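Student: Take a look at this one; I'll ask things after.
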Amino acid sequence: MSVYEERGGDGDPVLVLLHGLGATGAVWNGLVDLLPESWPGSWVVPDLPGHGRSDPLPRYTFGALATAVAATLERDRRVAVLGHSLGGAIALTLASGWFGVPVSAACGVGIKVRWTPEELAKAAELAARPSRVFPSREEALDRALRVAGLRASDPPLAERAVRAVDGGWQLALDPAAFGVGAPDLPGLLAAARAPVILAAGARDPMSPREHLLALQPNPVELTDLGHNAHVENPAALLPLLDRLHG
């Protein structure tokens, strides 16, 4: 399968930035703009499978997503992974070392820790729905922004999240990706072979501090930020980068 990615910088370590469900790698643009002065090595920003310009998967699991990301990376280069939400769970999955990538550190921002049966049932229902065709690009962009939890003022971040199809416009997101399920975060933390940082915006309802404290004694709280902290204030994540290459 083909995974779309953007690359820049030079040398090691390689910083891999993984977006959340429904988004594309474009949500990292603000942080990427800061990397020349903030990251000593190179960087890679993929669109996850079933998102943006990347091909879909036959079945979505955290292992399958991690395998697809690992296939884009060189196995002899040191890697640090920073992921948001779904991307954070994949970052922790890669930190296990099971996928042949030498991860030196991983950070998950805004990972949803606790899922109710009702939330999982709703996600499964969304995964089974056909992708809707919108009559205009603007309507599709609006829907893509809402699915990714982005603001109406952020349309450039959703450019790769829609595509033209017969009869109109459609989200590039494969609906089946909603069926990935809930990550086993205690298991992933126990399996990690590299230091792991958990972080979330102080106003993130999906990843409240008390949920993170149940997993790790010192999660990072990003002051005054919500679920998409990396979009709201990219510079707030720079201390996390310092810890990833420290």
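Just so you know, all these numbers are worked out from the coordinates, no wet-lab data involved. Everything numeric in this text was worked out from a predicted model, so none of it was measured. So basically every Cβ, Gly included, is an ideal-geometry build from the backbone, and we count neighbours across all protein chains shown.
Student: Explain nothing, just compute: Karplus ³J(HN,Hα) = 6.51 cos²θ - 1.76 cosθ + 1.60, θ = phi - 60°, for every residue of region 174-189 in order, whole Hz, x for Gly and Pro.
Tutor: Taking θ as phi minus 60°, the curve returns 6, x, 4, 5, 4, x, 5, x, 9, x, 8, 5, x, x, 5, 5 Hz for region 174-189.
Student: Which angle from 0 to 90°, rounded to the nearest 10, does the C-alpha axis of helix 137-147 make with the longest principal axis of the chain?
Tutor: Result, in degrees: 40.
Student: Quick one: Karplus J couplings for region 236-246, per residue in order, coefficients 6.51, -1.76, 1.60, θ = phi - 60°, nearest Hz, x for Gly and Pro?
Tutor: 5, 8, 4, x, 5, 4, 4, 6, 5, 10, x
Student: What is the distance, in nm, between label points placed 7 Å from the Cα along the Cα-to-Cβ direction at Arg75 and at Thr223?
Tutor: 4.5 nm
Student: I would also like to ask the following. Could you state the number of Å between the C-alpha centres of region 1-69 and region 77-100?
Tutor: Measuring centre to centre over Cα atoms gives 11 Å.
Student: Provide the percentage of antiparallel DSSP beta bridges, counting only those with both residues in the chain; round to the nearest 5.
Tutor: Among the beta bridges of the chain, antiparallel pairing accounts for roughly 35 percent.
Student: Counting helices only, and only those DSSP H runs with n ≥ 4, report the 222 nm mean residue ellipticity of the chain as the sum of -39,500 (n - 2.57) divided by its residues, in deg cm²/dmol to the nearest 500.
Tutor: -7500 deg cm²/dmol
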